[in-house]
Amino acid sequence: MKTKYDFLIVGAGLYGSVFAQEVKKAGKTCLIIDKRNHIAGNIYTETVEDIQVHKYGAHIFHTSNKEVWEYVNQFAEFNNYINSPIANYCGEIYNLPFNMNTFNKMWGVVTPDEAKEKILQQRRENYVENPKNLEEQSINLVGPDIYEKLIRGYTEKQWGRPCTEIPAFIIRRLPVRFTYDNNYFNDPYQGIPKSGYTAMIEQMVEGIEVILNKDYLLEKEKWDNLADKVVYTGPIDAYFNYKFGVLEYRSLRFETEILKMSNYQGNAVVNYTDRETPFTRIIEHKHFDFGTQPKTVISREYSVEWEKGDEPYYPINDKKNSALYEKYKALAKTENSVIFGGRLGEYRYYDMDKVVEAALKKVREVLVNTEH
C-alpha cells in the first residue's frame, strides 16, 4: 500500500469500479476499499454447480445508451438474454409486461382494439377523481382485474403494507402494450456477461489496489489521510453519523437452494403476485445463461422491513425520506474533498446503465477540474 493516492474509492461496486478504471486510465493513482469480502457490490455473481448465481437478486443489463453499452462490452462479452418475466397468480400464469398475451389469458380478447376497449371500460366504471393511494391510482390506470391479479399482492409484499396505505405517486404510469411482445425492457441493448458480473468488475479493477473487509467509517481519518479525494459510495446518512435521522430502505432476504433437476420453472424470473405466497419471486439462475447443467439453483426472494445495519436495497423515496435526503445532500456539498455517488451515496434507485452513466459523467467533471 502506498502512502498517498489521488483517489480513495469507498465501495467496489459498479460505480466505484467505473470511477477507478477511468482515473487509472487518466494516469491517476487510486485505492479501492470495501467492507464486504468480495468486489462487485450487489451485482456480485458466484459460481455454484457451474451456474452463475446472482447473489443479491437478478441483475439484467439493459440500456438505450450506445456509449454505455460499448463501455461495458470492453470488460465482458454479453449474451443476448432478453428479460421476459412470468407472473404466477394462484397457479394462473401471465406474461409480463402487460401485453396482448396477458390480456388474452385474462379476458379471452384477441385484437388490440378488444383489449383497449376492455381496459377503458374497466377504468371508466371504477374511476376515482384525485386518487388517494396506490390502489385507486392503479385501478384508474389499468382497471381492477389487472390490479387484483398482477399488482396488488406483489406490491403489498414489496412494501410490507396494504396498497391503500401506499401513496398514489409511487405509480405514475403502468406500461400497457398492445402487441404480443414479452420483452420487458424497450432498450435496444440488453444481456448478461457470459462469465458473470464479478468477472466483469475484475476486468475493470485490474491493476488497481483493492482491500476487502475494511469498513471505511470505522477508521475514517486513517483512510482519508491516504488520498487527496474520496469517492464514497456507501449510505450518505451513515457518512454523517445519521445527524438528521435515518434514511429508510426496503431490504431483501434470499433462500437459495441447489436442486437435483435440470429445469425447475422454465424461466429465469417468476413473480408470485398473490398475497398468500410469502416470497415475491423465484429466480432460476441458469436461465440467464441458457444453461443446460444437470442441476439447477433457485433463489426465493422475500421483501423485508429494513432496520439500521441490514443490507439496504431499495430507497423509500416518499416525501419524508426525500426531504431528509435533501438535508444530507446540502451537507455533502460542504465536503469539498468527497464525492458522493451511486445508489446509496445519492439515495436513489439506479438501473445499472444509469450507474455507469453517472460514474462516467462525474469522473470526467472531476478530471477536468483537477487539470485546472
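Just the C-alpha atoms of the stretch 206-349: what Rg/Rh do they give, with Rh taken as the Kirkwood radius?
Rg divided by Rh gives 1.08.
Over 18 Å between C-alpha atoms is what I'm after, so list which of Lys35/Lys220; Lys2/Lys229; Lys327/Lys362; Lys4/Lys220; Lys24/Lys361 land there.
From Lys35/Lys220; Lys2/Lys229; Lys327/Lys362; Lys4/Lys220; Lys24/Lys361, over 18 Å: Lys327/Lys362.
Based on the alpha-carbon gyration tensor of the stretch 264-372 and its eigenvalue square roots a ≥ b ≥ c, which shape applies: rounded if a/c is under 1.5, prolate if not and a/b is larger than b/c, or oblate?
oblate
If you roll a 1.4 angstrom probe over the protein chains with everything in place, what fraction of the accessible area of the chain belongs to carbon and sulfur, to the nearest %?
Carbon and sulfur together cover 47 percent of it.
Starting from the alpha-carbon convex hull of the stretch 2-57, give the projected area averaged over all orientations, in nm².
With every direction weighted equally, the projected area is 4.8 nm².
Given a 1.4 angstrom probe, what's the average accessible area per residue across the stretch 141-199, in square angstrom?
Value for the stretch 141-199: 47 Å² per residue.
For the stretch 46-191, state the average projected area of the convex hull of the C-alpha atoms over all orientations, rounded to one decimal in nm².
Averaged projected hull area, Cα only: 11.4 nm².
How would the stretch 159-253 be classified by its alpha-carbon gyration tensor: rounded, prolate or oblate, with rounded meaning a/c under 1.5 and the a/b versus b/c comparison settling the rest?
oblate
Please give me the summed charge of the neighbours of Thr334: other residues whose Cβ is under 13 Å from its Cβ, Lys and Arg +1, Asp and Glu -1.
Net of charged neighbours comes to +3.
I want to verify the translational diffusion coefficient of the stretch 30-121 in µm²/s; compute it with Stokes-Einstein, Rh as the Kirkwood radius over Cα pairs, at 25 °C and 0.890 mPa s.
It diffuses with D of about 141 µm²/s by this estimate.
What FRET efficiency would be calculated for the residue pair Gln158, Asn225, taking the C-beta separation as r and a Förster radius of 41 Å, to the nearest 0.05?
E between Gln158 and Asn225, to the nearest 0.05, is 0.45.
Where does each of Val210, Val230 land when they are ordered by accessible area, with a 1.4 Å probe and the largest first?
Solvent-accessible surface, decreasing: Val210, Val230.
Would you kindly give the portion of the calculated P(r) for the chain that falls above 36 Å, as a percent of all Cα pairs?
Looking at the chain, the distances longer than 36 Å represent 28 percent of pairs.
For the chain, what is the relative contact order in percent, using Cα pairs closer than 8 Å and at least 6 residues apart in sequence?
The normalised contact order for the chain reaches 26 percent.
Assuming 0.36 nm per residue, please report the length gained on full extension of the stretch Phe240 to Lys308 beyond their Cα-Cα distance.
Additional length available on full extension: 23.1 nm.
At a Förster distance of 30 Å, what's the computed FRET efficiency of Ile93 paired with Phe169, Cβ-Cβ distance as r, to 0.05?
So, using R0 = 30 Å, E works out to roughly 0.45.
So with the 1.4 Å probe, I'd like the accessible area per residue for the stretch 213-332, rounded to whole Å².
The answer is 49 Å² per residue.
At 0.36 nm per residue, minus the direct Cα-Cα distance, what do Arg123 and Glu206 gain on full extension? Give it in nm, one decimal, please.
Roughly 24.4 nm would be gained on extension.
The values are calculated or read from the model by the stated rules, or taken from the named source; none is laboratory data. Values in this document were obtained by computation on a predicted structure and should not be read as measured data. Glycine also receives a Cβ, built like all others from the backbone with ideal geometry; neighbour counts cover every protein chain displayed. Side chains included, ligands, DNA and RNA excluded: accessible areas come from the protein's heavy atoms. Shrake-Rupley method; radii C 1.70, N 1.55, O 1.52, S 1.80 Å.
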